[in-house]
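Reviewing the structure listed below.
Bear in mind that the values in this text are calculations on the coordinates, not laboratory data. All values reported here derive from a predicted model rather than from experimental measurement. Counting neighbours? That spans all protein chains shown, and the Cβs are built from the backbone with ideal geometry, glycine included.
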Amino acid sequence: MASKRKSRRATAIAPRTGGSTGRSGTANRNSAGSGTTRRWVLLGSALAVVLIAVVAGWAILSGQPGNGGAATSGGPQGTVIQANGGHWTNITPDTLASMLAKKDFTLLNVKTPYIGEIAGTDLYVPYTDVAARATQLPADKGARIVVYCRSGNESAIAAQTLIDLGYTNIDNLDGGMNAWTASGRQLVQLNRG
């Protein structure tokens, strides 16, 4: 009987000596392997989520600020901005300067408060008042209107308002007066406001 106890005790103790936690060496290797696999799967999933977020953020930010729409190339004349119910074209200071040489459009400053304007401006109407002062705008809804502000954000809002009013031929000075002066051109100060 004593010999049976010794063999049982030896058998019962033997598996515990294979691993540090009382498990066999094989069980620890499998557990560590599956933990490593899980970590790699989680890391891969996290990287996929980050990549999707970066791509989505880039897609959102590649549009123009404040326009709520997508930008598409408009060729040498500018970038077409899709908006609710229509579109407008963002133009550069160089494009506007060449247009001013043979002016056949209404140039509308919508910056609030008034900080100056581009020479040749026809109207100053704060962007918040465009709809309320629509009678000052051209009666022809197909007439070309170029809007601008200091940076392009307020004029993008005004462009959307013009679309809402039924205007179909709208340009927006991309970068506004900041871009105009950065291109080496000047602003003028009139008694408006």
| said: Please list, in order along the range 143-151, the HN-Hα scalar couplings obtained from phi with the Karplus expression 6.51 cos²θ - 1.76 cosθ + 1.60 (θ = phi - 60°), rounded to whole Hz, x for Gly and Pro. | reply: 5, 6, 10, 10, 10, 7, 9, 6, 10
| note | The aspartates and glutamates whose Cα lies under 15 Å from the Cα of Lys111, excluding any fewer than 8 residues away in the same chain, are Asp122, Asp129, Glu154, Asp174
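Give me Tyr148, Tyr167 sorted ascending by neighbouring Cβ count inside 10 Å, so fewest comes first.
Values: Tyr148 29, Tyr167 22.
Least crowded to most crowded, the residues run Tyr167, Tyr148.
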| Rounded Å value of the spacing that divides the Cα centres of the range 116-133 and the range 136-159 | 8
| field | Cross-link reach list, aspartates and glutamates versus Lys141, counting only Cα pairs under 15 Å and skipping chain neighbours closer than eight places | value | Asp104, Asp164, Asp171
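Out of the DSSP beta bridges found with both residues in the range 66-187, what percent are antiparallel (nearest 5)? Walk me through the numbers before you get to the answer.
On the way: 8 of 21 bridges.
Expressed as a percentage, antiparallel bridges in the range 66-187 total about 40.
Could you list Asp164, Asp140 so that the one with the fewest beta carbons within 10 Å of its beta carbon is first and the one with the most is last? Spell out each step's value before the answer.
Values: Asp164 14, Asp140 10.
If I rank by nearby Cβ atoms, fewest first, I get Asp140, Asp164.
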| remark: Treating only Lys and Arg (+1) and Asp and Glu (-1) as charged, each at its beta carbon, one finds that the range 69-193 has a dipole about its Cα centre, in Debye to the nearest 20, of 160
